[in-house]
Amino acid sequence: ADVAYLRSVLPSSTDDAFFEFLATLDASEVTVTAAPEGSVVFARVPFLQVKGPLLVVQLLETTLLCLVNYASLVATNAARFRLLAGPDMKLMEMGLRRAQGPDGALSASKYSYIGGFDCTSNILAGKLYGIPVCGTIAHSFIMSFRSMEEVQPRELPPQAGGDPVDLPGLAVSWLERVCDLLQIPAGKTNRGELAAFVSYAITFPCDFQGLLDTYCVRRSGLPNFCAVALALHQLGYRAIGVRLDSGNLAQQAKEIRGVLQACGTHFQVPWFGSIPIAVSNDISEQSLEELSREGSDIDMIGVGTHLVTCPLQPSLGCVYKLVEVNGSPCLKLTEDEEKMTIPGVKTIYRLYDAAGHPFMDLMALEEEPPPGAGQELEIRVLGRLGEPTKVLPTAVEPLHRVYFRDGQVCEPLPSLPEVRTHAQVSLGLLSPAQRRLHEPQPYPVAVTERLHQLFLELRQAGQ
């Protein structure tokens, strides 16, 4: 069917032998080496190399670039959010509604998790990839209630067993006590919101959480939540959190934390003051940085649009270039040195210093002997090719592994959690100066002297 379609769109003069040849193609002669998934890879360093018949590897170009560009971009964007948030903050990916279609949304969920997010609101991603899923009540659910009479069913048995209790009535009695403590008129709280909280609590008594800003956080959402959470506590259950979706998130979180602690102290419920607070509201790197700088009382942050659409850099720009044909190295020449290819089949090495930090990636021709730990190397740093430099690595790590050969996957593929762990470990190995997001110290990439000489020879021959 594919060959028939190509016949219909290619010129009628195309030789029949070409289509017959296409029908015989397979990948059995292709070899793929790559950095392990989740590795930190820097600009100009090949992270995937493909060997095989020229036509086959040319046909793979668009597919491979499609697979790695967006995936690497989102994982990198997620890693930046993780670095800003710090290791302890819970991060939830919730970009399904803003993603570039269903496939883009699934990719965003998967690679955000690799980049360091803890969970996703995308249930299909959870089903397909085993990513932890989480979410909260929707505003529309809360707004669909008008009064306590709409709550059905109305009874909830205590967790330890016993006769069911009328939860709406119990919540109303607790609301009066909470409002008295907070000096808020009980009659001013939204009863539809209270009914929504009660209905949710009856259905999910062990997973009750409140979305507080459908109406007014201070005068309605917060006291209504506290009333239902305390009613649940009386029956042996524990609320699991609250969420904010608008306003000054850091300031409101401080106020909410204060109210939760006051209720916990006044009503002698010690765990109440530590109920997790989650926030969302078009969170960007800048707003996340501000939240972190203010040292807020926030426990979880949901990020959507600015995560999955990558507005600071909407595309990654990985390229796929020919570097050798039939054993002959080749070089793409251009006026822009940054866009020149590095010729020849290469082996990539990561060099480490005495502190265990990688300080340079080194490209060598495949036939060159590998560098050794403690061995002084004469190299040329990209961007400063005219100046030979000597380095002394404490440890040397080959960056690539062979993943595909003779039509078979030949390296065990890690699970998604293993990839995620590898990504975080790789980022953690970088020096703080190179890991910072503002004006990071450039990470040098170098070539061996032999590869540099090949580059000069081909450049001179091409001119």
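How big is Rg to Rh over the stretch 76-309, alpha-carbon atoms, Rh as the Kirkwood inverse-mean-distance radius?
Details: Rg = 18.2 Å, Rh = 18.4 Å.
Reported Rg/Rh (Cα atoms, Kirkwood Rh): 0.99.
Output the Cα-based Rg and Dmax of the stretch 232-326 in Å, rounding Rg to one decimal and Dmax to a whole number.
Cα only, the stretch 232-326: 20.9, 80 Å (Rg, Dmax).
Please work out how much length the chain gains when fully extended from Cys410 to Ser284, using 0.36 nm per residue of separation minus the C-alpha to C-alpha distance, in nm with one decimal. Intermediate values should be presented prior to the final figure.
On the way: separation 126, 0.36 × 126 = 45.36 nm, distance 4.02 nm.
Taking 0.36 nm per residue and subtracting the Cα distance, the gain is 41.3 nm.
Would you tell me the accessible area of Glu20, worked out with a 1.4 angstrom probe on the heavy atoms of the protein chains, in Å² to the nearest 10?
110
Mind jotting down the distance between the C-alpha centroids of the stretch 397-463 and the stretch 172-242, whole Å?
Measuring centre to centre over Cα atoms gives 52 Å.
Which percent of the accessible area of the chain is formed by carbon and sulfur heavy atoms (probe 1.4 angstrom)? Working shown, then result.
Values: 12460 of 23540 Å².
Here carbon and sulfur together make up 53 percent of the probe-accessible area.
Taking DSSP loops as anything outside H, G, I, E and B, show the longest stretch in the chain free of trypsin sites (Lys or Arg not before Pro) there with at most 13 other beta carbons within 10 Å.
Free of exposed loop sites, the longest segment is 147-383.
Ignoring ligands and nucleic acids, what accessible area does His266 show with a 1.4 Å probe (Å², nearest 10)?
Rounded to the nearest 10, the figure is 110 Å².
For the chain, state the average projected area of the convex hull of the C-alpha atoms over all orientations, rounded to one decimal in nm².
29.9
In nm, what is the difference between 0.36 nm times the number of residues separating Thr203 and Lys127 and their Cα-Cα distance?
On the way: separation 76, 0.36 × 76 = 27.36 nm, distance 2.26 nm.
This chain segment gains 25.1 nm when fully extended.
Using only the alpha-carbon atoms of the stretch 1-103, report the extent along each of the three principal axes, biggest first, to the nearest angstrom.
Answer, in whole Å and largest first: 62, 33, 21 Å.
Which value, in Å² and to the nearest 10, is the accessible area of Thr33 when all protein chains are kept and the probe is 1.4 Å?
Approximately 30 Å² for this residue.
Angle check, please: helix 249-266 long axis (alpha carbons) against the longest principal axis of the chain (alpha carbons), in degrees 0 to 90, nearest 10.
For 249-266 against the chain, the angle is about 40 degrees.
Report, in whole Å, the centroid distance computed from the Cα atoms of the stretch 243-278 and the stretch 100-162.
Here the answer is 21 Å between Cα centres.
Determine, from the Cβ-Cβ distance of Gln159 and Ser39 and an R0 of 41 Å, the FRET efficiency 1/(1 + (r/R0)^6), rounded to the nearest 0.05. Provide the component values of the computation, followed by the final result.
Numbers: r = 47 Å, r/R0 = 1.14.
The calculated FRET efficiency here is 0.30.
Would you mind checking which residues have amide H under 5 Å from Phe404's amide H? H placed 1.01 Å from N; only 5 or more apart, or other chain.
Sorted by chain and number, the residues that satisfy this are Val32, Cys410.
Can you list the HN-Hα couplings for the stretch 113-123, worked out from phi with the Karplus curve (6.51, -1.76, 1.60; θ = phi - 60°), rounded to whole Hz and with x for Gly and Pro?
Here the 3J(HN,Hα) series is 5, 4, x, x, 6, 8, 7, 9, 8, 8, 5 Hz.
How far is it, in nm, from the label point at Arg293 to the one at Val323 when both lie 7 Å from their Cα along the line to the Cβ?
Distance between the two pseudo-spin positions: 4.1 nm.
About the Cα centre of the chain, how large is the charge dipole given +1 on each Lys and Arg Cβ and -1 on each Asp and Glu Cβ? Please answer in debye to the nearest 20. Can you show the working numbers first?
Details: 37 positive and 51 negative charges, 216 e Å.
That gives the chain a dipole magnitude of about 1040 debye.
Go through Asp16, Asp361 and list them by solvent-accessible area, largest first, probe radius 1.4 Å.
On the way: Asp16 85, Asp361 0 Å².
I get Asp16, Asp361, largest accessible area first.
The values are calculated or read from the model by the stated rules, or taken from the named source; none is laboratory data. Being a predicted model, the structure only gives us computed values, none of them experimental. Cβ: placed from backbone, ideal geometry, glycine included. Neighbour counts: every protein chain shown. The area values use the complete protein model at the heavy-atom level, side chains included, leaving out ligands, DNA and RNA. Shrake-Rupley method; radii C 1.70, N 1.55, O 1.52, S 1.80 Å.
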